[in-house]
Every structure is written in C-alpha cells, then in structure tokens.
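Comments concern the structure below.
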Amino acid sequence: MQILTMLPAEIDESTNLRFQEKDHLTKVVLAQGLWVSHVIPCILISLSSAAGNGGIAFALKLLSVWAESCHSTFSQLSNATMKDGKNILQLLVDILSQQQPHDEDIVVLASKVLTSSLLEGSDSGSSTRQQSVLAMLSSLKEGGFMISPFSYFADNHMDDAALSLAILATTFACEEIDLIADCSVNGCSNLIELLLTIQQHHHQPVAISVLEFWLMLQDIPTAQRHPDLTAPLFSKVLNLIAAKIAYPPRFTTWEDELELDSQEFSEMRSLVNDVLVSVYFLLRVNFIDQLCSVANSGQGQWNVTEAILFCICAVAREICARVKAKGTGDIAADRDATMERLLQLVQQLLTGVAQIEHPLTLAAVAKFVGSFSPVWNDRCDLDTILHLLQYLHKAMAVDAAAKSSTTSVKQILNGCSSKIVPVVVLQGEENIETNPIILSLVSLMQSAQLLEDQEGTRCVAEGCTRLCIRFKKPNLIRQSLCSILSPVLQRTQQTFNIICMQGSTLPPAELELAYQSLGSALRVMKEIFRFCDGVAETEAGLTDVLNVTWPRLNEISNSVPCRQHVGVFSELLGVYSQLMSSLGGLMYPHTSQIMTSVVQAFEETYYPCALECVAIAAEAYGNASAESEKSFSQLLGHLSGITCKRLQETGPRNSTQLVSSFFEMTRKYMLYCPGALVGSSEFNVIFSLAVACLVECAGERESTRAAVLFLSLLISLNSINLSPQTAAILKEPGGPLDTALARCGESLTRSCIRGLAGASPQPLWPILADCMFAVVLRTTQSSQPSDHTMAHEWVWHSLADESANERLSDESKQLVMKVLFGLVSTNGPKSKPMVKMLLTDFAKICKGDMSADSLLTYSIK
C-alpha cells in the first residue's frame, strides 16, 4: 500500500521518461480500469480492517492520492461497498459528522477526497450522483455532517481542519448551486447556515473560502431563488463582511499587531469588493442604511466606523452611477434616497471631526470624501466643497491618512471643477493672488511639499494643475499656474542654496537629504508641466510660467555638484524632457542650451538619463528644420564618440544600461529625424557598435532588446517617414547601409542565430526573428537572384555553430535554410509572418520544446 500511495507522484515527477513514455505509463497505470479493479479493492480492505485512527488515516491518504490522480467521481465512491454494507461515500460522511473528531488529519483527508470528487463532473446528472448529493444534504440536517466537526474545530482553533471543511462546504454549494438556490430539499438551509458560520470564522483564509459562493448565488436571478436567499440572506452577509474586515479595536500599527496577519487581512479586504458590489445591486439604498445602522449601534467604536466606510467606498462607483441615473418611479425614489443618505453621512462625519481620534478612521473618512466627488459636485454648493478640501488638507498632516487625503484632494479638484471654475472665472484676473480658491491651492501645494509620500505630492500637484488648466482664459491660467508653482520654486531655491553654500560643511547624511529634497521638488515641477500637455501656447500663454521656472533650472544645471548627483540630475532632465514634450515650440529656443548642459553632464558622468533626454529632444525638434537636423546630427556624432570611448573602457557587458539608453536614443533618431542619423559622420561607427554590443551583451535583456530594435528598424526601413533625400541614401544599392551590413552582417546573423538557439531569453525571440528577417530580405534584394548570396553564407555558417548542433542534424539545418530563403525569395516582405514562425520553431527545437520533425510541415507547405 505504501508503493501504491507513492506511485502516482513518482510517475508525475519522473524526469527520466520522455513525454510519450510518461503519457503512455499514465494511461496504463492511472487508467480508470486499474483504479476501479485494483486500487479501490485495496482501499476497501484497508478501511474494513483498519484498527485505530492510524490505519484509517493511511487508507484515506491512499484514497486521496488516487482519487485526485484518477479523477474519482461520486458514483465510484458510492458504488465501492465495504464488508459492513457501507460504501466509501457513507464512510466519509460519517467521519465528517462526528461531534468531537479526535484526528485532524483524518478530517482533512476525508474533506479532500470529497472535494476532488465533487469537482469531477464526468458523472454530472447521473442518478447515482443525484442520490449521493441528496444523501449528503440530508446528513447535514439530521447527522450534523460538516456542521458538528466545523464547530468543534472552530472552538478549538484547529484552523487547518476548519479550512478543509470550509472548502468542502463551499465546493458542495457551488457545484450544486441550482439545487441550493431553490432551497426545496432538506438540508439546503442548513448548508446556507453553515456557510454563514464559515464567513464569521476568526481565521481569514477560512472566511475567504466562502466568498465565491455568494458571488455565484448572485448570478442566479432572484426569481429562480428561494425568497430567503435574496435580500434577507445578503443583508446577513453584508453585516458579516463588515464585521470581518474590521481592524481589532486596539490596533495601532502592523508592527505592533501580533494576532492578525497583515497579508491575510489585506487579501480579505481585496476579495470582498466584488461581493459588496453584488450585494449593493440587490439592496440599493438599504445597503447604506444598513451599514449606517451598524455604525450607530457600534457606539462610536473607531474600527466599526472605518469598516463601514470601507464597505461604502468599495461600491462608490456603483452608487455614483445610481445618483446620476435618469428615470422615474422606483429608480427616482432610490436615487433621491441615496443622495439624501450620502449628504447626511458626510455632514455627520465632518461635524464629528473632533471625535475622530484614530488615524485609520480619519483615512477612511478622507477616502469617502474623495470617492463621492461627483455627488458633491451635483448637490453641494461651493462653500461645502471648499469645506471638504479644508478637511482633507488637515488630514494630510496625519501620516496614516496622508495617502487617502491626497488622492481625495485630486478627486475633489477634478470631480468638482464645474463648481469651482465658474466662480474663479467670474471673479476675474485682478487680484488673483488673493483669490481664496487660489490661496487654497497654494496652501495645498505647500503642505504637499512636506509629505514623505511622493505619490501623494504628485496627486496634489496633478489636481491643482488640472483645475488651473480648466480656467480657459490664458491670463487666468498663467497666473494660477505661477501661483501653484511658487511653493515648489521656493523649496527648490532653499534646498539649492543649502547644497551650494553649506554642502562642504554638512555631514554626508544631511547633504544627501538636501539632494533628495531638491530631487523631490523637481519631480513635482515635472508633474505640473506634465498636465500642461495639450494646452496650446497661443491659447494659454504659458510663457510666464516658463520664465519663472527657467532661472531655477539654469542654476541647477550649471551646478557641478547637482550635475554629478544622479538623483538630482535625472530629475532635472525629467523636467527638461517634460517641458519639451508639453510646451512644444515654446521650448524650441531653449533646446540648444539644454543640449549643451546635457552633453556637459554626460561627459562628466556618463549617466544614461542624459541620452534619454536627447532622445526626447530628437523626437520633439529633430525634424523641425534643415538647420535643426544638422545640429542633431552633429550632436549624435559627438555623443557616439563619448559612448564608444566609455564602452571601450568598461565593456558593454558592464554598462548595459548605457548601451540600452544609447540605442533607444538612436532608434528615436531613426523614427523622428532619420536624416540626422544617416548624415552623421559616425553612422558606420554606430552600426558597428550596435552589432558589437549585441555580441558582447550576450542576451542581457534590455541592452540586447534596444540594439536589436534599432538594427531591425534601420535595416528594414519599416514605419519610417523618410525624406526623398534620406530614402535615396538608405535604399541605394552599395550605399552606406549596404556597406555597413556587408561588413558586420555575418556577425549580426550569428548573434541572432545564437540568441534563438538559446543564448537569449525567450521574450527576445520575436525581435531577433525580426532582425534576422530584415537582414535576409535586405541582402537578397540587394543581390542578383542566387542560391549563393552573402546571406546564404552567413546563415549557413551560423547554423553550423556548435550551439545549434545539439538537436539539429545537418539535414534539418539545410531544411531551415531552404525554407527560409524559399519564403523570402517567393513572397518578399509578405513572407515575414511565416519566417518568424519558422525561426520561433527553430528556437523551440534548440530549447527542446519541439521535435526537429516539425520542420517537415514547412517543406510540405
């Protein structure tokens, strides 16, 4: 019996058998015939003669292993009869009906067998299964099946056994959902009560297991359910969920919490969302009424209030949709009642601010305020909305509530803009600096600068900027943007002064904090300009905004310590890049100065972020004029020389990020200003460097990807808007591209073949196949029709490499050659999908995932 117990796992885990052998052995040994004719009799003998819990546990372990491997059904368990006349199913039900089970392992094994048999649907609808299901339901009511042992294990905190029973009960209810929903058979109501009990279990995984059933039950129309399984049941479920997701009353932080597991608690809160949404659709306004009633009965306990607000926020989108719904009758009545409850609730929460002592409750209130911003926008006046912003502003100072508060600030500023914007516009452009709304925005930005959570700072910056952009009038937009920028510029100036004046005397830790503070201010500045994107300079007149910002950026870019600090420098270039992307032509006159600073910093530090900024500039302005194209061509040549020198010193393998950024930049050149790339004096050097890096980086993902994408784009010339002059140069037979390809083509082809043969990870296969196709197509099109082109030699020499020898015979390699060049010569560019499929199959063969015989299908095609 020990051998039988181990046999299925041994077959499944065997590494010495080929797939066909393992499949054949599985069919022979684990076939239903062997299971029924040999294994079940052994189990019956063992169960009939088992002495004590140890013998029963061993027999159940054997049953569990084989039942899962052979997909045992209810019918088979019912038909297997022991000496005393009982079948295995009855024995399992008896085991799981004991009021005080003595062996936890036996219960777990019995539950596992029944669960796997329930999930096996091959006997679904059979009379034997139906009789077995009815018998189990009857045992629920009359024999305490599952109910008694679950109560025992719950009381004694034996969580593993309780979880196995919970999974069995949930599986039983889900698999027989139609029968349970009708609730016309004895035992159905007992099963529902058991599931409600499971939902209350102290161990989160046990409570989580039943959530699936509530969702499945809600998928059944209420007309096809017993009345008790509609609103009455889900009112109970709502109360249980609200209680289950509540923090312990004495909770402070997870570091101090010993009883509750943070991961399990978070998982529970994440998984109840769908159930709460389904319950809301059933209860509608009663959902809010019921939760508010629970909160009122909680006598002001902070954790009850927090849990109630969590439940309401989980269905905020659905509630807001109801508030906006058009209709009459029941819809209108529910809509109006929902609106009234929300307004009452927010008023109650805001007037009770003084009583909110726990930071997690404060965070929940802040989230509630932001989640329902569309409602406040429809029904509240401006004073109320400003009061909400003031409340959130105060909550930002509490660490635990800062994240929720800043997110809600953004939601209020965006969601209630139709109430705020007209008032600001009506008050006009005069005295904008004393406008209470603008002052509120400035105050929010000042407080956001002090937050440790950078995401929260960005949320506030986004909300303020989006609101200012909606003011429509150019002068109003300009002045409001300058106002919200002022706290950021002040912080930038303060930290910059500390670095420049006290940097040599400050301890390293304090100096690093100053650098981080400066980087944070620059990041906020970038966010503000990011949301200016799409505002035409002629409409908004953003010149003043740029003028107040530019001197600060100049100071930082001219500072050697700031340029040499990677955090500050990368954030500075992020601002430059965002300015070029958002302000378009307004930034063009400053491009030369930016590029000068970038090149100077790159010469000093070799930071890859400098190349990323150049790529943005090339995309924005590289093709603006002939003079611009020439400037960017010279810039590329200079950067290429610096990069080559650096890579010669360190080796491409040790500077993969630099390689990746450089070829991402050249790819942007190829897409947006190809003339600057082709006209560069370093064109041949760049091509050779790309091939060399492809060889040296040996499959490192990001650097290989960047180099291959650039080479594929350059060789294929697909998706590129070429001027007639540039197109003539690149497509000219024997031109600079053909010359570079003739010099480096064999090395490039060998690298692609090696990558497909296993040197590169599988996600790189598609782009390696793209590059390979581009090389073959370009070379064959540039030559006379022949079977002995340079491409033929390159591919054959690459295939002859030892790395591709292990699983491919010479005959298979010749077949790959024949199919590859046959497809390209016959269909030209249209053969690309088939060529990529061929090369992907080649890679799978080299990896061992496919037989070399699969190549024969291509010869048939």
Q: Along Cα→Cβ, 7 Å out, is where each label goes; now give me the distance between the ones at Ser297 and Asn156 in nm to one decimal.
A: 3.3
Q. Between segment 572-626 and segment 193-209, what's the alpha-carbon centroid distance in Å?
A. 58
(Q) Binning at 5 angstrom from zero up to the longest distance, how are the C-alpha pair distances of segment 542-589 distributed in percent? (A) 5, 20, 29, 25, 15, 7, 0
Q. So, by mean Cβ neighbours within 10 angstrom, what's the order for 222-231, 143-152, 733-742 with the highest one leading?
A. 143-152, 733-742, 222-231
Q: Taking only protein heavy atoms into account and a 1.4 Å probe, give the accessible area per residue of the chain in Å².
A: 45
Q) If amide H atoms are built 1.01 Å from N in the plane of the peptide, which residues on other chains or at least 5 residues away come under 5 Å of the amide H of Asn87? A) Met82
(Q) Checking the cross-link filter: which aspartates and glutamates have an alpha carbon closer than 16 Å to that of Lys630, excluding same-chain neighbours under 8 positions apart? (A) Glu619, Glu682
Q.
For a quick check: with amide H placed at 1.01 Å from N, whose amide H comes under 5 Å from Phe145's, ignoring anything fewer than 5 positions away on the same chain?
A. Leu140
**Q.** Relative packing of peptides 466-474, 764-772 - highest average C-beta neighbours within 10 Å first
**A.** 764-772, 466-474
Q) For segment 674-692, list residues with backbone N below 19 Å from a point placed 7 Å from the Cα of Ala626 toward its Cβ? A) 674-681
Q. What residue among Thr505, Leu467, Gln516 has its Cα farthest toward the positive end of the dipole of segment 461-520, where the charges are +1 on Lys, Arg and -1 on Asp, Glu, each on the Cβ?
A. Leu467
(Q) With +1 assigned to the C-beta of every Lys and Arg and -1 to the C-beta of every Asp and Glu, and no other charges, what is the dipole magnitude of the chain about the Cα centre in debye, to the nearest 20? (A) 2060
Q) Which whole number in µm²/s is D for segment 244-326 by Stokes-Einstein, with the Kirkwood Rh taken over Cα pairs at 25 °C and 0.890 mPa s? A) 175
Q | Candidate values (1) 61, 32, 24; (2) 63, 39, 23; (3) 58, 48, 24, label of the one derived for semi-axes √(5λ) of the Cα gyration tensor in Å | A | (3)
Q) So, with a 1.4 angstrom probe, what is the percent of accessible area on segment 170-239 that is carbon and sulfur? A) 48
Q.
Taking a virtual spin label 7 Å from the Cα of Glu452 along the C-beta vector, which residues in segment 241-274 bring their backbone nitrogen under 18 Å of it?
A. 252-257
**Q.** At most 16 other Cβ within 10 Å, DSSP loop - GluC sites (Glu not before Pro), segment 431-532
**A.** Glu452
(Q) Just to verify a number: FRET efficiency for Ser486 and Asp378, C-beta to C-beta distance, R0 = 41 Å, to 0.05? (A) 0.80
(Q) Per 0.36 nm of contour for each residue apart, how much would the distance between Asn684 and Gln564 grow if the chain were fully extended, relative to their Cα-Cα spacing? (A) 40.1 nm
Q: For each pair in Lys668/Lys844; Lys813/Lys836; Lys668/Lys836; Lys141/Lys244, compute the distance between the two Cα atoms and list the pairs where it is over 20 Å.
A: Lys668/Lys844; Lys668/Lys836; Lys141/Lys244
Q) Any idea how far the Cα center of segment 146-168 sits from the one of segment 221-275, in Å? A) 19
Q: Give the peptides 595-602, 664-671 in descending order of average Cβ contacts within 10 Å, highest first.
A: 664-671, 595-602
Q. For segment 673-782, what is the relative contact order in percent, using Cα pairs closer than 8 Å and at least 6 residues apart in sequence?
A. 35
Q. From the backbone phi of segment 753-767, what are the Karplus-calculated ³J(HN,Hα) couplings (6.51 cos²θ - 1.76 cosθ + 1.60, θ = phi - 60°) in whole Hz, Gly and Pro given as x?
A. 5, 4, x, 5, 7, x, 6, 10, x, 4, x, 8, 4, x, 6
Q: Any lysines with Cα under 18 Å of the Lys472 Cα? List them, leaving off those in the same chain fewer than 8 positions away.
A: Lys419
Q: Can you spot the lysines whose alpha carbon is less than 18 Å from Lys112's alpha carbon? Ignore those fewer than 8 places along the same chain.
A: Lys61
(Q) Let me see the P(r) profile for segment 197-345: every Cα-Cα distance counted, bins of 10 Å, each bin given as a percent of all pairs. (A) 10, 38, 36, 14, 3, 0
Q: Leaving ligands, DNA and RNA out of it, report the carbon-plus-sulfur percent of the accessible area of segment 409-531 at a 1.4 Å probe.
A: 52
Q) Over segment 669-720, what percent of the accessible surface lies on carbon and sulfur atoms, probe 1.4 Å? A) 45
Q. Hey, what does the equivalent ellipsoid look like for segment 687-727, semi-axes from the Cα gyration tensor as sqrt of 5 times each eigenvalue, largest first, whole Å?
A. 25, 10, 6
Q | 15 Å Cα cut-off, lysine pairs counted over segment 279-417 (separation 8 or more, or different chains) | A | 5
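The values are calculated or read from the model by the stated rules, or taken from the named source; none is laboratory data. Every value quoted in this text rests on a predicted model; they were computed, and no experiment measured them. In this analysis, Cβ positions are derived from the backbone assuming ideal geometry, glycine residues included, and neighbour counts consider all displayed protein chains. To get the accessible areas, we keep the full protein, side chains included, count just its heavy atoms, and leave off ligands, DNA and RNA. Shrake-Rupley method; radii C 1.70, N 1.55, O 1.52, S 1.80 Å.
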